[in-house]
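Coordinate-derived values only; no laboratory data. On a predicted model such as this, the values are computed, not experimentally measured, just so you know. No Cβ is skipped: glycine too gets one built from the backbone with ideal geometry, and neighbour counts run over all protein chains shown.
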Amino acid sequence: MKKVQSTDRRRFVKIAFASVAAAPFANALLAGNAAAQTVLSETNPQAKALNYVTDATKSTMRKDAKAHCDNCNFFTARSGGKDGNCAILGGIVDAKGWCTAWVAKQ
């Protein structure tokens, strides 16, 4: 009986050690899924605060006719070019959109 107990204890220690060692890697793998971004709507509170519109031509606040999300400093295009990530709004925005945080790309 003592031999069975010893084996069980060793197995428990091995599994516990492996779990602790794998925890940071599991967190890194799961963080990618949790950070999945969705397309931002004009009704989003952050979008409303910055007067975001999906079609820049419909904005009454835009002064520069050439100002669009796709030529903004905070915009990173995704494959396909129709939308991209906005660092200010924290989501996916339309490339032809606009908001008051717009800054020309340099």
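For the range 72-84, putting each phi into the Karplus relation 6.51 cos²θ - 1.76 cosθ + 1.60 with θ = phi - 60° gives couplings of 8, 5, 8, 9, 10, 5, 9, 4, x, x, 7, 8, x Hz, in residue order, rounded to whole numbers and with x for Gly and Pro.
Taking 7 Å steps out from each Cα toward its Cβ at residue 43 and residue 76 produces label points 2.9 nm apart. Put simply, the amide H of residue 83, placed in the peptide plane, has neighbours under 5 Å in 78, 95, leaving out anything fewer than 5 places away on its chain. For the range 48-55, putting each phi into the Karplus relation 6.51 cos²θ - 1.76 cosθ + 1.60 with θ = phi - 60° gives couplings of 4, 4, 9, 6, 5, 10, 6, 10 Hz, in residue order, rounded to whole numbers and with x for Gly and Pro. Peptides 59-70, 85-96 ranked from most to least packed give 85-96, 59-70, packing being the mean of other C-beta atoms within 10 angstrom over each peptide's residues. Phi angles of the range 98-106 translate, via the Karplus equation with coefficients 6.51, -1.76, 1.60 and θ = phi - 60°, into HN-Hα couplings of 6, 8, 6, 8, 4, 9, 4, 5, 10 Hz per residue; Gly and Pro are given as x.
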